[in-house]
Amino acid sequence: MENKERELVTVTTGQEGRYRWAAVSAMLLAIGLCLATSKSVFPYGNLISEPMGALVCALVVGLPFTMKVGRIDLRPAVGTLLGTLASGLTFTTLAKVILALPLKVYLYGMLPVVVTMAIANTVVAQALFYPVTALLGGFAAKHREDER
């Protein structure tokens, strides 16, 4: 057998290459898929509901305390859950009122979709949080130092 020496690869900050940023872009796109609502029954409702969800998410991210269970940071899950609920409930309530939808449609047709999507978005956001922070490298390390 031939004894091959392993090659050591050194990556200098700023020289990671286009594939790293392609991966970051793909993950950020996956995280933001909940914003892609192109076939909405009430498209103008997004002009109010999406900023509402973003505001709630930003407020959660800006809270002055940690949300950790052991080593797991739950801030992405909590922010996504509350942001999606705020956005979804705002949108469905606006649609119900403006389109004069029956209460049964709102309660049994629209609200279950909001809750289901909030749960799905929460799972995806929390699952992608650590791979994204690993790809972003220095930013995540600086953020951890600032929390201490």
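Give the residue that is surrounded by the most Cβ atoms within 10 Å (Cβ to Cβ), with candidates limited to residues of the stretch 124-137 that are touching a Ser or Thr at 6+ places or on another chain (Cβ under 9 Å) and hydrophobic (A, V, I, L, M, F, W, C).
Step by step, filter the stretch 124-137, then rank; the result is ALA125.
Of all residue pairs spaced 6 or more apart or on separate chains, those with beta-carbon atoms under 6 Å, a first member in the stretch 76-103 that is without any contact (Cβ under 8 Å) to a residue 60 or more places away in the chain and a second member that is of a type in the set (Phe, Trp, Tyr) and surrounded by 20 or more Cβ atoms within 10 Å (Cβ to Cβ) are PRO76/PHE129.
Within the stretch 52-64, residues that are surrounded by 13 or more Cβ atoms within 10 Å (Cβ to Cβ) reach partners that are assigned to a helix (DSSP H, G or I) and aromatic (Phe, Trp, Tyr) with beta carbons closer than 9 Å, at six or more positions or on different chains, in the pairs MET52/PHE91; GLY53/PHE91. Keeping to the stretch 77-134, report how many residues are out of contact with any helix residue (DSSP H, G or I) (no Cβ under 6 Å at 6 or more places or on another chain), in a helix (DSSP H, G or I) and of a type in the set (Gly, Ala, Ser). The number of residues fulfilling the criteria is 4. Within the stretch 40-49, if we keep just the residues that are at pLDDT below 90 and surrounded by 18 or more Cβ atoms within 10 Å (Cβ to Cβ), the residue that is nearest to the chain's Cα centre (by Cα) turns out to be ASN46.
When LEU111, LEU85 are checked against the criterion of being farther than 24 Å from VAL24 by Cα, hydrophobic (A, V, I, L, M, F, W, C), modelled with pLDDT of 95 or more and surrounded by fewer than 18 Cβ atoms within 10 Å (Cβ to Cβ), a single residue qualifies: LEU111. Can you tell me which condition GLU16 does not meet? The list is (1) surrounded by 13 or more Cβ atoms within 10 Å (Cβ to Cβ); (2) among the charged types (D, E, K, R); (3) at pLDDT 75 or above, and all the others hold. All conditions are met except number (3). Among the residues making up the stretch 50-65, those that are of a type in the set (Val, Ile, Thr) and at pLDDT 90 or above are VAL56, VAL60. In the stretch 114-140, the residues that are modelled with pLDDT under 90 reach residues that are part of a helix (DSSP H, G or I) and not hydrophobic (A, V, I, L, M, F, W, C) with C-beta atoms within less than 6 angstrom, at least six apart or across chains, in these pairs: PHE129/PRO76; ALA140/THR133.
The values are calculated or read from the model by the stated rules, or taken from the named source; none is laboratory data. Everything quoted here is computed from the prediction, not taken from an experiment. Note that each Cβ is placed from the backbone with ideal geometry, even for glycine, and that neighbours are counted across all protein chains shown.
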